[in-house]
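> Would you mind keeping the following structure in view while I ask a few things?
The values are calculated or read from the model by the stated rules, or taken from the named source; none is laboratory data. A quick note: this is a predicted structure, and the numbers were derived from the prediction, not measured. All Cβ positions, even for glycine, are placed from backbone atoms using ideal geometry, and neighbour counts span all protein chains on display.
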Amino acid sequence: MSEAQHHGRVEDIPLLCGQGRFLDDLDPAGPTLSAAILRSPHPHALIRQVDLTRARSFPGVVAVIGPEEVRAGLRPFPLTTRVAMEYYPLAIDRVRYVGEPVAVVVAEDRYVAEDAADVVRVDYEPLPTVVTARSALDENASLLHPTAGTNVATDRTFVFGDPDERFEQADLVIDREFSFPRYSSTPMECYSVIAEWRDSGDGPEVTSWANFHGPFSMVPVLAGCLGIPVSRLRIIVPPDIGGGFGIKSAVYPYVALMALASKHAGHPVRWTEDRLEHLVGSSAGSDRAMRCQLALAEDGTFQALRVDLVDNVGAYLRPPEPSTLYRCFGNITGAYHIDAVQIRARAVVTNKTPTGLNRGFGGQQLYFGLERLVDEAAKDCQLDPAEIRRRNLIGADAFPYHTPTGGVYDSGEYHEAFERALKNVDYERLRAEQREARARGELVGIGIATIVDPSATNIGYVDLATPTEDRPPGRQKSGSTEHVRISVDPYGLVTVLLGSVPQGQGHATVARQVVADRLGLHHDNVRAVVSMDTESTPWTISSGSYSSRFAPLVTSALIEAADRIATTIRLAASVHLDVPADELKLAESQVRHRADADRALSFRHAAGLVHWDPGSLPAGATARLYEEAAFTPPQATAATRHDQINSSLCYGFGTEVVVCRIDVHTLEPSIELVSTVHDAGTILNPVLLEGQIRGALVHGLGGALYEELAYSGSGQPVTATFMDYLCPTAAEASFPLVSDHLETPSPVTALGAKGCGEGSSMSFPVAVANAVADALSALGVQVTSLPLHGSILHDLIGDRDDGGVPAPHPARAASSG
Amino acid sequence: MKAPPFAYVRPASVAGVVEHLSRDEPDAKILAGGQSLVPVLAMRLARPATIVDINAVEDVPGVERRGGALEVGATVRQRELERHPATAAVPLLRLSMPWIGHREVRSRGTVCGSLAHGDPAAELPAVACCVEAELQIANQQGTRTVPARTFFTSAMTTVLGPAEMLTSVRFPTATAEDGYAFAEISRRHGDYALAGVTVHVRAAGDEILRADMTAFGVSDTPVTWDAREVLRSATGAAGPDTDRRAITTSLMRDTPAIAEQLVTTSGDIHGSRGYRRRLVAALAAQELTLAYLRAVDATQGVP
């Protein structure tokens, strides 16, 4: 264990002492005006008229913009596909979800802005609504975008191998329909934007401070809406962001909106999203309706997989959607050897809020179907859910493993990791205890999920939404690049510039550790500065904090840059020590001879030589202690003509065993024990890794038992405050946890590290669902969706006299005394 | 999420409060702990012209033992009552108050504020009904006393007029023959209950004198059920010597039908009507048993 692993996070002291620098506390543009947004109360309606006159004459109001100003001043956001579903940051002629912006009021403060927003009059003509994914497919469904002639924003079918033949020859076919709910991650800090529009001599330019964490592929999308070159749009991210989890990627439409508001106000405009706005109008993971089919041989081995996925992306195909369908494309067969696959991938628009990234992006939806299906298969094969997985997990000798969809699993020991998760909680004993509990009339279930955890997205997967014939060579996308910059000052202090836009993950702590260890320095001699300013921080399309990119990509870039710094330091020292540079190594803050430790120069001295005495450097050497690196993995290439893609650079493994008890009277599920094992390659910092795993588990717990952004049948959101949108708190998250790790280093990253911030967000919801299904297995109940709580289970079991559960006994009585 | 404009006054006496309420009737609202009113203002769900802050009012009681009752004044925080030594005299308060929101909420929220707000899923209105508390109300004519069981008229609605102030509540103190129980089910710790029950049983020897169960979270107001007959039948001939499980099992035969009557809410995404009936049936059987056994123990001198 390296030195830093014993230290706390460098981020913690300022955050705990109230020294965090969050955008709403800062005035980087000087005094700003405040904006309030008037939002649609209707899920679907034509806008007949918007009357802004009273609001404009309201004392303290500086500017008000509505549909007319947006149509004149902005362009539709460029979409991922060519579908005719124009998307602006504000409703132009009709509103398509409750919470859609209709007008922006800019005033001297937020109170006045909200008062004035109250007097904007909008004349709506309500239209029929479409709420669920399946209803959007109905040919008689109301159309959200008449120009498209359909609510289906994208519809593609992919076939790899010969699944039809396999299904025909299968001994057993499991065929199930599932649905996955939409939920969020509810970051503590909501969206925050300051925007300033300036018309300079050579055209307009926009500067915006925003708690945006990427992907920076959204910056060209934003520039397209603003109608300005990408390089005239300057995005500055504040030093601290209060959580993101993918949700804050969708702040970008508000940057466009506030830039336009600033143009009309002639002054920088600030907008801080409040929680009510956030819950109805920001973003969430997409809800999905799916049909999953598995063909099996008699012995329980998987022969082929068919999935029909219908993502409900809400009112617009807001970029980067429909990526929820494709983020896991290369690992759509999960941790199993399956070489014949058919996928139908559709995204439909409905009268719900647009969707986007959410921790685990695409994985929780995919694995809910796949892992529920595997449990259903186990039941039909009369195999233990652990045994059916054993028989189908990819063997350790198969790596690098090529999936039928183009994924290249870089490393793994799936069987060993899986057995460890079972052994750590004595799975056989748990099953024995379960039998005893059932004999006593108790409802206890054990659930398992085994997943592949993709990290370091290859953004080329977005192309899959476009038919092959519309992706001519030279018009493809690929890549998974991350940039860093390292510099050394004249006294040997190292500064690492991170444009990785963390939101609390601890990037600075790990970056400092990685660079110090690589340069043989004490950690105190390295400082990591987190700063993203698109004008000065190196960045590219794939930059940003999403898809667990830091551990695999940013640290690889750090190694590249640190090694170049080391080369210069060794060159400088070689002159002074009169030793060839390649015989020198960096250790213990020194540059020393590999064989003779006494022939040494301090790192500080060597750095000083480069700065103060560059004339002493060998011929051809440059006095450069300022290195940028752009890690560019060659494995992240564009989709093939046959639609195969290695959709991530790295593929970790995760598994969970969950014991769940359901109270026979109240039907409340409670988590009694969790065993989790992760293989994220080389572990960089065990404390931070464990924090990520716990966070992801609690996020998964939310999806499994508590959270849902629910809508009424008519399209009204019914979980619009934290009284109804229930995030698990510490009281709900205190289940006993056994967490363990395996390390099979990735061969494609510099340190062998893979991402691990998302895995349990993908696996835990379905592991819990499998446990609940197991607990209720004797009652003939089908668990096909989430969340699972007492009322849902009551409705599943039915309102029978006996409740369908064993004879009651006063199990809970003692708890209230 | 900013409140619309309002006038703010902070009178020092009950008379001053009533005067302000009367002057702006019906557009004045009392601010005590603000745990319900402030969010409502911020969400612009209410637009009172005047906020009458009662936190400076001097002529309201604190927490005081008065005759056979514990009197709690209008500005007493829930947390203060929860931790007050005198609260031991009303065991149902001790049992129920930790279930009100979270500690932070109880540190601000007032006892009388919760009663005046009249949320049908709140704990204190149910406790007040169960033990037959009395509410003291001040208006321009003077004062009046209203029994808790007639105070709550509908969801978030009470007999309080727009120019009236709830000045205190009197909870009867327990006798040696009383037993109490409280339980609620919410989706998360600290949330409003999906369903809850408070029980008061008075037993002397083999005789069950009282068995009142008040359910909350299940109707427009707390609903009280006289459970004596059902409890007598469940305890049967053996009385206090009946096996505890046998009492509960017997009660479980009756409570589903009772739950069907008591639970009239249409339900929501957190709990359907059917599910809340299931909860009330289960909680009623458990908590009636428990309160009965506590009453019997109290009679027998067991603390």
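> Which numbered condition trips up A:E708, out of (1) part of a strand (DSSP E or B); (2) among the acidic types (D, E); (3) buried (at least 21 other Cβ atoms within 10 Å of the Cβ)?
Exception for A:E708: condition (1).
> In addition: Examine the range A:241-252 for a residue that is modelled with pLDDT of 95 or more, assigned to a helix (DSSP H, G or I), more than 19 Å from A:S545 (Cβ to Cβ) and among the aliphatic types (A, V, I, L, M), and state whether such a residue exists.
no
> Additional query: Out of the residues in the range A:755-801 that are more than 24 Å from A:L737 (Cα to Cα) and acidic (D, E), which is surrounded by the fewest Cβ atoms within 10 Å (Cβ to Cβ)?
Top of the filtered list is A:D801.
> Can you pull out the residues in the range A:452-476 that are touching a residue at least 24 places away in the same chain (Cβ under 8 Å) and over 15 Å from A:I645 (Cα atoms)?
The answer is A:V452, A:D453, A:D470.
> Under the condition of being assigned to a helix (DSSP H, G or I) and in contact with a Phe, Trp or Tyr (Cβ under 8 Å, 6 or more places away or on another chain), which residue from the range A:112-162 is farthest from A:R54 (Cα to Cα)?
A:V112
> Okay, next question. B:A174 - would you say it is away from chain A (no Cβ under 14 Å), touching a Leu at 6+ places or on another chain (Cβ under 7 Å), crowded, with 20+ Cβ neighbours inside 10 Å and of a type outside the set (V, I, T)?
Spelling it out, it is not the case that B:A174 is away from chain A (no Cβ under 14 Å), touching a Leu at 6+ places or on another chain (Cβ under 7 Å), crowded, with 20+ Cβ neighbours inside 10 Å and of a type outside the set (V, I, T).
> Check B:P48 against each of (1) more than 30 Å from A:R275 (Cβ to Cβ); (2) touching an Asp or Glu at 6+ places or on another chain (Cβ under 7 Å); (3) surrounded by 19 or more Cβ atoms within 10 Å (Cβ to Cβ) and name the one condition it does not meet.
Every condition holds for B:P48 apart from (1).
> Condition test on A:I662, is it in contact with a strand residue (DSSP E or B) (Cβ under 9 Å, 6 or more places away or on another chain), in contact (Cβ under 8 Å) with a residue 40 or more places away in the chain, under 25 Å from A:F178 (Cβ atoms) and of a type in the set (V, I, T)?
In short, yes.
> Does the range A:166-194 hold any residues that are in contact (Cβ under 8 Å) with a residue 12 or more places away in the chain, more than 25 Å from A:E321 (Cα to Cα) and surrounded by fewer than 16 Cβ atoms within 10 Å (Cβ to Cβ), and which are they?
The answer is A:Q169, A:D171, A:L172, A:D175.
> Can you name the number of the only condition in (1) under 24 Å from A:R485 (Cβ atoms); (2) touching a strand residue (DSSP E or B) at 6+ places or on another chain (Cβ under 8 Å) that A:R604 fails?
Checking A:R604 against (1) under 24 Å from A:R485 (Cβ atoms); (2) touching a strand residue (DSSP E or B) at 6+ places or on another chain (Cβ under 8 Å), the one that fails is (2).
> Let me ask something else. Consider A:D740 carefully, then state whether it is within 14 Å of chain B (Cβ to nearest Cβ), touching a His at 6+ places or on another chain (Cβ under 9 Å) and either within 30 Å of A:E469 (Cα to Cα) or not hydrophobic (A, V, I, L, M, F, W, C) (or both).
no
> Still on this structure, please answer the following. Just to be sure, is A:P728 within 21 Å of A:S763 (Cβ to Cβ) and either more than 9 Å from chain B (Cβ to nearest Cβ) or among the aliphatic types (A, V, I, L, M) (or both)?
Considered against the rule, which asks whether it is within 21 Å of A:S763 (Cβ to Cβ) and either more than 9 Å from chain B (Cβ to nearest Cβ) or among the aliphatic types (A, V, I, L, M) (or both), A:P728 comes out as no.
> Does B:V197 satisfy being within 12 Å of chain A (Cβ to nearest Cβ) and either surrounded by 17 or more Cβ atoms within 10 Å (Cβ to Cβ) or touching a strand residue (DSSP E or B) at 6+ places or on another chain (Cβ under 6 Å) (or both)?
yes
The rows are residues; the columns are (1) surrounded by fewer than 18 Cβ atoms within 10 Å (Cβ to Cβ); (2) closer than 26 Å to B:Y192 by Cβ; (3) of a type in the set (A, V, I, L, M).
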| residue | (1), (2), (3) |
| --- | --- |
| B:P11 | no, no, no |
| B:E19 | yes, no, no |
| B:T75 | no, yes, no |
| B:P98 | yes, yes, no |
| B:H117 | no, yes, no |
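> Moving on to the next point. Condition (residue is crowded, with 24+ Cβ neighbours inside 10 Å, under 22 Å from A:V766 (Cα atoms), touching a Pro at 6+ places or on another chain (Cβ under 9 Å) and hydrophobic (A, V, I, L, M, F, W, C)) applied to the range A:684-701: is it met by at least one residue?
Checked against the condition, which is being crowded, with 24+ Cβ neighbours inside 10 Å, under 22 Å from A:V766 (Cα atoms), touching a Pro at 6+ places or on another chain (Cβ under 9 Å) and hydrophobic (A, V, I, L, M, F, W, C), the range A:684-701 yields at least one hit.
> Next question, about the same structure. Scan the range A:711-734 residue by residue and report those that are farther than 30 Å from A:V95 by Cα and surrounded by fewer than 18 Cβ atoms within 10 Å (Cβ to Cβ).
Those that are farther than 30 Å from A:V95 by Cα and surrounded by fewer than 18 Cβ atoms within 10 Å (Cβ to Cβ): A:T729, A:A730, A:A731, A:A733, A:S734.
> Within the range B:188-226, which residues are of a type in the set (F, W, Y) and in contact with a Leu (Cβ under 9 Å, 6 or more places away or on another chain)?
B:W225, the sole residue that qualifies.
> On to the next question. Restricting to strands (runs of 3 or more DSSP E) lying wholly in the range B:185-290: which have 1 or more residues that are out of contact with any helix residue (DSSP H, G or I) (no Cβ under 8 Å at 6 or more places or on another chain) and farther than 24 Å from A:T719 by Cα?
B:207-216, B:223-226
> A follow-up question, please. Go through the range B:176-217 and give me each residue that's out of contact with any Ser or Thr (no Cβ under 9 Å at 6 or more places or on another chain) and at pLDDT below 95.
Once the filter is applied, which keeps residues that are out of contact with any Ser or Thr (no Cβ under 9 Å at 6 or more places or on another chain) and at pLDDT below 95, the range B:176-217 yields B:D191, B:E207.
> Residues in the range B:254-282 that are aliphatic (A, V, I, L, M) and at the interface with another protein chain (Cβ under 8 Å from one of its Cβ atoms): how many?
The total comes to 3.
> I've got another one for you. If you check B:S154 against the conditions, is it hydroxyl-bearing (S, T, Y) and more than 14 Å from chain A (Cβ to nearest Cβ)?
Yes: the conditions hold for B:S154.
> Going through the range B:177-186 one residue at a time, which ones are surrounded by fewer than 21 Cβ atoms within 10 Å (Cβ to Cβ) and within 10 Å of chain A (Cβ to nearest Cβ)?
Scanning the range B:177-186 gives a single hit, B:S186.
> While we're looking at this one, here's another question. In the range A:86-106, what count of residues is obtained for those that are out of contact with any Pro (no Cβ under 9 Å at 6 or more places or on another chain) and among the hydrophobic types (A, V, I, L, M, F, W, C)?
3
> Out of all the residues in the range B:118-130, is one or more over 12 Å from the mean Cα position of the chain (by Cα) and part of a loop (DSSP other than H, G, I, E, B)?
no
> Any residue that is in contact (Cβ under 8 Å) with a residue 24 or more places away in the chain, within 17 Å of A:P187 (Cα to Cα), surrounded by fewer than 21 Cβ atoms within 10 Å (Cβ to Cβ) and of a type in the set (F, W, Y) - is there at least one of those in the range A:735-745?
Within the range A:735-745 (the criterion being in contact (Cβ under 8 Å) with a residue 24 or more places away in the chain, within 17 Å of A:P187 (Cα to Cα), surrounded by fewer than 21 Cβ atoms within 10 Å (Cβ to Cβ) and of a type in the set (F, W, Y)), the answer is no, since none of the residues qualifies.
> Could you tell me which residue of the range A:588-621 is nearest to A:V526 (Cα to Cα), considering only residues that are surrounded by fewer than 15 Cβ atoms within 10 Å (Cβ to Cβ) and in contact (Cβ under 8 Å) with a residue 12 or more places away in the chain?
Top of the filtered list is A:E588.
> What are the pairs, 6+ residues apart or on separate chains, where a residue within the range B:136-150 that is under 14 Å from B:M165 (Cβ atoms) has its Cβ under 7 Å from a residue that is assigned to a loop (DSSP other than H, G, I, E, B) and of a type outside the set (V, I, T)?
Pairs found: B:I137/B:L160; B:I137/B:E164; B:A138/B:E164; B:N139/B:G161; B:N139/B:A163; B:N139/B:E164; B:Q140/B:A163.
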